[in-house]
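Trainee: Quick one: structure below, then a few questions.
Any read-out appearing in this document is the output of simple, stated calculations on the displayed coordinates, not a laboratory observation. None of these values were measured; they are calculated from a predicted model. Positions of Cβ are backbone-derived with ideal geometry, glycine not excepted, and every protein chain shown enters the neighbour counts.
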Amino acid sequence: MTEQISIGKYATLLTLTDEDTAKKLMPQCREMQFLTGRIGTMSLNKIIASVETAARREGIISESHYRETHALYHAILEAVNGITRGELSIGEIMRTVGLRFAIVRGYPYKDVGEGEWIAVSLYGTIGAPIKGKEHETIGLGINHI
């Protein structure tokens with residue numbers, strides 16, 4: 001069995017806690033690239049665009065390599081699938097989200113020949129666009145680059 005570092009767990013810890021706490025709990029992930037951010041919206045497109053823009057701006061993915069954008073896109077969709085319980089729509093069905101997100105990129109396997117992977121975690125609230133009518137939600141997506 002191939003030894004593995006859990007980039008998904010690290011991404012989730014970054015959304016649930018903070019950078020210092022995540023690094024203390026998972027020191028083996030210190031070498032991985034990551035970023036965190038926030039988004040509030042009623043638009044699925046804005047979630048995708050916000051996460052992709054942040055990843056490009058912070059150098060997590062390259063603008064000139066389509067495969068990196070493609071991998072990130074699928075990780076985002078998988079994470080959104082988790083927060084929306086498989087119904088890939090938000091505003092169209094009168095739902096809004098307030099989310100923290102984390103993106104982690106690195107080599108989760110000891111054998112670097114397995115390549116780089118990217119994880120996206122989303123944690124926050126989802127619900128009717130009425131203050132106090134939302135509930136917690138979480139989603140995680142992981143894809144190879």
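Trainee: Decide, for segment 1-83, between rounded, prolate and oblate: order the square roots of the alpha carbon gyration tensor eigenvalues as a ≥ b ≥ c, take rounded if a/c falls under 1.5, and otherwise choose prolate if a/b is larger than b/c, else oblate.
Mentor: Values: a/c = 1.68, a/b = 1.37, b/c = 1.23.
Prolate, since a/c reaches 1.5 and a/b exceeds b/c.
Trainee: Please name whichever of G124, C29, A71 sits farthest to the positive end of the charge dipole of the chain, dipole taken about the Cα centre and charges placed at Cβ: Lys and Arg +1, Asp and Glu -1.
Mentor: G124
Trainee: How big is D, in µm² s⁻¹, for segment 93-145 by Stokes-Einstein at 10 °C and 1.306 mPa s if Rh is the Kirkwood radius over C-alpha pairs? Each step should come with its number before you reach the end.
Mentor: Details: Rh = 12.9 Å.
It diffuses with D of about 123 µm²/s by this estimate.
Trainee: Test of the criteria: in segment 57-94, which trypsin sites (Lys or Arg not before Pro) are in a DSSP loop and have at most 10 other Cβ atoms within 10 angstrom of their Cβ?
Mentor: Numbers: sites: R57, R67, R85; in loops: R85.
Those that pass, being in a loop and sparsely packed, are R85.
Trainee: In addition: When we measure straight from the Cα of K110, which aspartates and glutamates land under 14 angstrom away, once same-chain ones fewer than 8 places off are left out?
Mentor: E3, E31
Trainee: Moving on. Taking only Cα atoms of the chain, what ratio of Rg to Rh do you get with Rh as the Kirkwood inverse-distance radius? Walk me through the intermediate numbers first.
Mentor: Numbers: Rg = 15.1 Å, Rh = 15.4 Å.
Checking Rg against Rh, the ratio lands at 0.98.
Trainee: Once the principal axes of the Cα atoms of segment 69-126 are found, what is the range along each, listed largest first in whole angstroms?
Mentor: Largest to smallest, the principal-axis extents are 45, 18, 18 Å.
Trainee: Next question, about the same structure. Taking the alpha-carbon distance from K24 and a cut-off under 18 Å, which lysines remain once sequence neighbours fewer than 8 residues away in the same chain are dropped?
Mentor: Reachable lysines: K9.
Trainee: Take the Cβ-Cβ distance between R85 and S62 as r, set R0 to 22 Å, and report the resulting FRET efficiency rounded to the nearest 0.05.
Mentor: Details: r = 33 Å, r/R0 = 1.48.
Efficiency computed from Cβ-Cβ geometry: 0.10.
Trainee: Continuing with this model, one more query. Report the trypsin sites (Lys or Arg not before Pro) located in segment 1-36 that are in a DSSP loop and have at most 14 other Cβ atoms inside 10 Å of their Cβ, or state none.
Mentor: For trypsin sites (Lys or Arg not before Pro) across segment 1-36 that sit outside H, G, I, E and B with at most 14 neighbouring Cβ atoms in 10 Å, the list reads R30.
Trainee: State the Cα centre-to-centre distance between segment 116-145 and segment 33-75 in whole Å.
Mentor: Result: 14 Å between the Cα centres.
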